[in-house]
Amino acid sequence: MPTAVEAGYPALGDVIEWYGVAVPTGTPRQTIAKLNAAVVRALNSPDAVKSIQNLGQTPAPSTPEEFNQQIREEYARWGKVVKASGAKVD
């Protein structure tokens, strides 16, 4: 089976998979900072790093601001595609 790039979709060549922790709008900044610190500590632990790398991934903890920016960029990139596809959430 060809890759997306080989099949004629070069823009899909730089697609990466990522995971994040989201909280409801209005969550106090202090709570967000505390949660972020715990997640960063966990992701930087040797056991977590090894487990994540064994899955072929690279742990990349970030700040809440960096994560917000990543979400904005992903939405800008994929929002039109999803809308054009007609996909619906049940």
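So the values come out like this:
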quantity: Relative intensity, log₁₀ I(q)/I(0), of the chain from a Debye sum that treats every alpha carbon as a point, q = 0.12, 0.14 Å⁻¹; calculated: -0.57, -0.75
quantity: Max mean-square fluctuation residue, GNM over the chain, Cα-Cα springs under 10 Å, options G79, G56, G13; calculated: G13
quantity: Cut-off of 10 Å, at most 16 other beta carbons, DSSP loop: longest stretch of the chain lacking such GluC sites (Glu not before Pro); calculated: 18-90
quantity: Calculated [θ] (222 nm, deg cm²/dmol) that DSSP helices of n ≥ 4 give over the chain, each run adding -39,500 (n - 2.57); calculated: -17000 deg cm²/dmol
quantity: For the chain, built as a Gaussian network whose Cα springs stay under 10 Å, the top-fluctuating residue of L43, L55, L35; calculated: L55
quantity: Where Rh is the Kirkwood radius over Cα pairs, Rg/Rh for region 17-59; calculated: 1.07
quantity: Pairwise centroid distance, computed over Cα atoms, of region 72-90 with region 2-56, Å; calculated: 19
quantity: Karplus 3J(HN,Hα) series, Hz, for region 25-33 with 6.51 cos²θ - 1.76 cosθ + 1.60 (x for Gly, Pro); calculated: 4, x, 4, x, 4, 4, 5, 4, 4
quantity: GNM result for the chain, Cα springs below 10 Å: residue of A33, A76, A60 fluctuating most strongly; calculated: A76
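No value in this document is a laboratory result; all are computed from the given coordinates. Note that the structure is predicted; figures quoted are calculated from it, not measured. We place every Cβ from the backbone using ideal geometry, glycine too, and count neighbours over all the protein chains shown.
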